[in-house]
Amino acid sequence: MSETENDDVDPDLFREARALTPALYALSRVLRFQGMDEAGLWRLPPSELELMRYVHAEPGVTVGVLARELGLHASNVSATVRGLVNGGLLEKEKDPRDRRVTRLRPTVKAEQGMALIENAWAEIFADALATLSRTERAALDTAVPALEALGAALRARRAEA
């Protein structure tokens, strides 16, 4: 039996992915479950925070695009959006070119909250980075473009599926 489910996957790439994945997952858990409390903000469930992060990065996105990009059912995204609109974190606006299309934007409250959360994340990571050697910090700094490219490749892969 092979090491991978798919025999088309290069075994060396598979080993690299197996080594990298747990580290990235551990970092993502920190980002999901820390930051809001440290910033003194409301506590959003991870799915709502993920949706807010996407709208923050892509203001004017539609529910359909959100559902596709986050891998969720449109009905679940609609329900989440409704709650965030009621909570004053998102606002809906009609597309001026097509009044049937509704676009989502973060409110000022949400923008301010996201800035506080991102600052809290930066403080959490800065504290952890301070425990690393200069060489380890330099390696992480050098890895940022590669991690961004990896994220883009993963999003493209999901979009193709």
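Of note:
- Positions within the range 128-145 being farther than 16 Å from Leu27 by Cβ and surrounded by 11 or more Cβ atoms within 10 Å (Cβ to Cβ), in sequence order: Ala138
- Filter result for the condition that a residue is surrounded by 15 or more Cβ atoms within 10 Å (Cβ to Cβ) and aliphatic (A, V, I, L, M), over Ala110, Ala57, Ala115, Ala79: Ala110
- Residue match in the range 85-100 (condition: within 18 Å of Pro45 (Cβ to Cβ), surrounded by 15 or more Cβ atoms within 10 Å (Cβ to Cβ) and under 16 Å from the mean Cα position of the chain (by Cα)): no
- Selected residue (only one of Ala120, Ala115, Ala26 is more than 18 Å from Arg155 (Cβ to Cβ) and over 15 Å from the mean Cα position of the chain (by Cα)): Ala120
- Restricting the first member to the range 132-161 and to residues that are more than 19 Å from Val65 (Cβ to Cβ), and the second to residues that are surrounded by 10 or more Cβ atoms within 10 Å (Cβ to Cβ), the beta-carbon pairs closer than 6 Å and six or more apart or on different chains are Arg137/Leu129.
- Residue within the range 21-38 that is modelled with pLDDT of 95 or more and loosely packed, with under 13 Cβ neighbours inside 10 Å present: no
- Odd one out for Asp95 among (1) within 30 Å of Ala26 (Cβ to Cβ); (2) without any contact (Cβ under 8 Å) to a residue 40 or more places away in the chain; (3) not basic (Lys, Arg): (1)
- One residue from Thr102, Thr62 being farther than 23 Å from Gly151 by Cα and touching a residue at least 24 places away in the same chain (Cβ under 8 Å): Thr102
- Whichever residue in the range 101-117 is assigned to a helix (DSSP H, G or I) and touching a helix residue (DSSP H, G or I) at 6+ places or on another chain (Cβ under 9 Å) and, among such residues, is farthest from Arg43 (Cα to Cα): Glu111
- Among the residues of the range 53-81, those that are closer than 15 Å to Arg105 by Cβ, at pLDDT 90 or above, not in a loop (DSSP other than H, G, I, E, B) and not hydroxyl-bearing (Ser, Thr, Tyr) comprise Val55, His56, Ala57, Val61, Val63, Val65, Leu66, Val81.
The values are calculated or read from the model by the stated rules, or taken from the named source; none is laboratory data. Quick caveat: nothing in here was measured; it's all calculated off a predicted structure. Backbone-built Cβ (ideal geometry, glycine too); neighbour counts: all protein chains shown.
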